[in-house]
Amino acid sequence: MAFRSWPHDYEPDLTTPQAVTESEFRFNLAAATQTGVDSQYGSVLSASIQGDTVVIGTGRGTIGGYAFLNDSPPGATASSLPRLYWVVARVEVAASTVTPTVVEGTPSSSPQLPALVQTDAVYDLPLWSCRRDGAGGPITQLTDHRVYLNP
């Protein structure tokens with residue numbers, strides 16, 4: 001295997017335009033940035049409870065070299081028992097997306113936060129957690145888990 005470097009306009013022959021793969025480009029971004037939320041943009045992915053929904057404000061960040069911008073609210077659903085939720089920014093590499101996602105915990109009289117997925121293919125960046133009481137009760141205990149870029 002030859003030694004390779006990027007990004008350059010041309011291959012070493014100075015004629016052939018250089019192609020840089022997604023994984024190579026992502027390596028550069030991941031090395032140059034952190035995983036987290038941009039503390040200087042929008043409302044920094046703030047959260048509020050509005051009726052039956054946790055509304056996530058505008059904001060952007062990076063996860064392992066993938067950048068994202070949020071402007072849509074995820075929501076938490078009801079059950080007969082209380083449950084805990086994560087509100088995350090989820091990278092799905094195969095789908096080429098980063099989306100705000102609600103990860104629902106198991107309904108229980110003593111609910112626990114659900115496991116996050118953090119693999120090379122799917123990665124959940126926790127932003128907020130909350131609790132919703134059973135039988136369609138209110139959303140409570142909104143807790144901030146954001147990690148900021150360049151703290």
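To the nearest 0.05, what FRET efficiency results for Asp133 and Ala67 with a Förster distance of 41 Å applied to their C-beta separation?
0.70
Whole-Hz ³J(HN,Hα) for each residue in the range 120-131, computed from phi via Karplus 6.51 cos²θ - 1.76 cosθ + 1.60 with θ = phi - 60°, x for glycine and proline: what do you get?
With the stated coefficients, the range 120-131 comes to 5, 8, 9, 9, 9, 9, x, 10, 9, 10, 7, 10 Hz.
Using the Kirkwood formula on the Cα atoms of the chain, what hydrodynamic radius do you get, in angstrom to one decimal?
17.2 Å
Roll a 1.4 angstrom probe over the protein heavy atoms and tell me the percent of accessible area of the chain that is carbon or sulfur.
Answer for the chain: carbon and sulfur cover 56 percent of the accessible area.
Exactly which chymotrypsin sites (Phe, Trp or Tyr not before Pro) in the range 1-72 are in a DSSP loop and have at most 16 other Cβ atoms within 10 Å?
Phe3, Tyr41
Suppose the chain between Val147 and Glu24 were pulled fully straight at 0.36 nm per residue; how much longer would it get relative to their current alpha carbon spacing?
The span from Val147 to Glu24 would gain 41.8 nm if fully extended.
Which value, in Å³ per residue, describes the convex hull spanned by the Cα atoms of the range 21-72?
Expressed per residue, the convex hull around the Cα atoms of the range 21-72 is 80 Å³.
How compact and how long is the range 1-45, expressed as Rg and Dmax of its alpha-carbon atoms in Å?
15.7, 47
Give me the one-decimal nm value for the distance between modelled label points at Glu92 and Arg4, 7 Å along each residue's Cα-to-Cβ direction.
Spacing of the two 7 Å Cα→Cβ label points: 2.8 nm.
Amide H of Gly59: which non-local residues (sequence gap of 5 or more, or other chain) have their own amide H closer than 5 Å, using H built in the peptide plane?
When sequence neighbours closer than 5 places are left aside, the close amide H contacts are Ser43, Leu45, Asn70.
Can you classify the range 111-151 as rounded, prolate or oblate using the Cα gyration tensor, where a ≥ b ≥ c are the square roots of its eigenvalues, rounded means a/c under 1.5, and otherwise it's prolate if a/b beats b/c and oblate if not?
oblate
In degrees, nearest 10, range 0 to 90: what is the angle between the Cα axis of helix 22-32 and the longest Cα principal axis of the chain?
Relative to the chain, helix 22-32 is tipped by roughly 70 degrees.
If you take every residue apart from Arg83 with its C-beta less than 13 Å away from the C-beta of Arg83, what net charge results, scoring Lys and Arg +1 and Asp and Glu -1?
Taking every Cβ under 13 Å from that of Arg83, the sum is 0.
Rank Thr119, Thr101, Thr53 by mean-square fluctuation in a GNM of the chain with C-alpha springs under 10 angstrom and give only the top-ranked residue.
Between Thr119, Thr101, Thr53, it is Thr119 that shows the largest mean-square fluctuation.
Tell me the per residue accessible area of the chain using a 1.4 Å probe; a whole number in Å² is fine.
Value returned for the chain: 58 Å² of accessible area per residue.
The values are calculated or read from the model by the stated rules, or taken from the named source; none is laboratory data. Remember, it's a predicted structure, so these values are computed and weren't measured experimentally. A quick note on method: Cβ atoms are made from the backbone with ideal geometry, for glycine too, and the neighbour counts reach across all protein chains shown. Please note that ligands, DNA and RNA were not included when accessible areas were found on the heavy atoms of the full protein model with its side chains. Shrake-Rupley method; radii C 1.70, N 1.55, O 1.52, S 1.80 Å.
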